[in-house]
Ligand code: S3P
């Protein structure tokens, strides 16, 4: 099975292609609504976007100069679009308004206002939230220590630093996904890492690329967890992204009892792409504890891991994941509420959950909170529950993975 392109990489390629000079060709671009919000913003900023019948996306960039958009930049449900775009546009001498849907308007934006205003941009928020007004202009480099483990904040600073005066440097408290670093280099930028410190010289120009977006490992996570629920499963995923800053998910799948074979790994534009085969031995599967840096590294996969936790032998404990409360929904609260609706026992903490194993669940009415990952996580939990489960707001899956339900259907019938 081949999965649509990685959401994180698609955002970054869309944005850098929009800024670059020339026409970028992207195959296997994410089919999720979020990266398409990034593409639409690029069009509003003067880039040309052509969506070909074979799914290839061609983006002709503005050659370094965004135009004053005539409309608000609509980021939809996408925190990645809003935060990373703010950094990309801040060095341009225009006024931009970034808007989003209800969920995005609840998410914290002070985290990007701080570094970007230290660089000289004026950023107006409404009580710490969107709508955001960016009064752009020439920026100066900064030396920034990110207090929050966030690849989006890191990227906002790198994208602004790329176009600032001087060399911007940044140190992360936890090493987060490094797709921006690879994407910047792919588009021709220079960027250095010394130990935990990243630095990017300003005043750089980008050149268009041809690229294939690797399959999305976070989308694969739903099927990897489904496989764990069914001993003797055999799942083969082709051309899947295996960037080491994302692949700790595979270590967790192995800790839970999955057997993973990695075949044909290759590198494209700094990203590792491979085929993985997952088998599950008969006899149930283990539990595990997820905490510390690991929680930040697999933050998007925690809802589905929590959703299968009651079926494990020893349960799953998740700590150090308080960022989960400020994603597209409060994912800790919604996982707890929905697992309880299915009859599970658990303990909720401010920064995680502890879910005992060996539990039997029954079908229930699930509240997705219009959050794509909650909708998909509970579709997986429902597979082993007795009776039917009804997921309210299941259409939210289209935010990252519109093919999820049809694909799940084909897998379950085999
Ligand atoms: C993302 C980073 C993470 C993640 C999100 C995608 C990215 O968010 O949850 O789905 O593409 O950089 P944070 O940067 O807020 O941790």
* Asked: Hey, among the residues in region 350-374 that are in contact with a helix residue (DSSP H, G or I) (Cβ under 8 Å, 6 or more places away or on another chain) and over 26 Å from residue 388 (Cβ atoms), which one's farthest from the ligand (Cβ to nearest atom)?
  -> 350
* Structure fact -> Considering residues that are more than 14 Å from residue 94 (Cβ to Cβ) and either at pLDDT below 95 or buried (at least 16 other Cβ atoms within 10 Å of the Cβ) (or both), the number found within region 37-51 is 7
* residue 142 passes all but one of (1) loosely packed, with under 15 Cβ neighbours inside 10 Å; (2) away from the ligand (no atom under 16 Å from the Cβ); (3) without any contact (Cβ under 8 Å) to a residue 40 or more places away in the chain; which number fails? -> (1)
* Any chance you could count how many residues in region 300-326 are within 16 Å of the ligand (Cβ to nearest atom) and in contact (Cβ under 8 Å) with a residue 60 or more places away in the chain? => 8
* **In region 302-351, residue surrounded by the fewest Cβ atoms within 10 Å (Cβ to Cβ) [restricted to those that are part of a helix (DSSP H, G or I) and over 25 Å from the mean Cα position of the chain (by Cα)]** => 340
* Answer yes or no as to whether residue 64 is within 24 Å of the chain's Cα centre (by Cα) and in a loop (DSSP other than H, G, I, E, B). => no
* Name the residue, out of 312, 289, that is in the same structural domain as residue 355 (by TED's automatic domain parsing) and farther than 24 Å from residue 411 by Cβ. => 289
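This table checks each residue for (1) outside the structural domain of residue 315 (by TED's automatic domain parsing); (2) in a strand (DSSP E or B).
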| position | (1), (2) |
| --- | --- |
| 193 | yes, yes |
| 199 | yes, yes |
| 205 | yes, no |
| 222 | no, no |
| 235 | no, yes |
| 243 | no, no |
| 250 | no, no |
| 253 | no, no |
| 261 | no, yes |
* How many residues does region 146-186 contain that are assigned to a strand (DSSP E or B), more than 11 Å from the ligand (Cβ to nearest atom) and in contact with a helix residue (DSSP H, G or I) (Cβ under 6 Å, 6 or more places away or on another chain)? -> 2
* Go through (1) buried (at least 23 other Cβ atoms within 10 Å of the Cβ); (2) within 22 Å of the chain's Cα centre (by Cα) and name the single condition residue 119 misses. => (2)
* **Hey, residue 346 within 23 Å of residue 107 (Cα to Cα) and touching a strand residue (DSSP E or B) at 6+ places or on another chain (Cβ under 7 Å) or not** => no
* Asked: If you take the residues in region 352-400 that are under 22 Å from the mean Cα position of the chain (by Cα) and assigned to a loop (DSSP other than H, G, I, E, B), which one is nearest to residue 7 (Cα to Cα)?
  -> 400
* Asked: Pick from 83, 111: which is assigned by TED's automatic domain parsing to the domain that holds residue 156, surrounded by fewer than 21 Cβ atoms within 10 Å (Cβ to Cβ) and under 24 Å from residue 371 (Cβ atoms)?
  -> 111
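The values are calculated or read from the model by the stated rules, or taken from the named source; none is laboratory data. None of the values given here were measured: they were computed from a predicted structure. Heads up, the Cβs are rebuilt from the backbone with ideal geometry, glycines too, and the neighbour counts pull from every protein chain shown.
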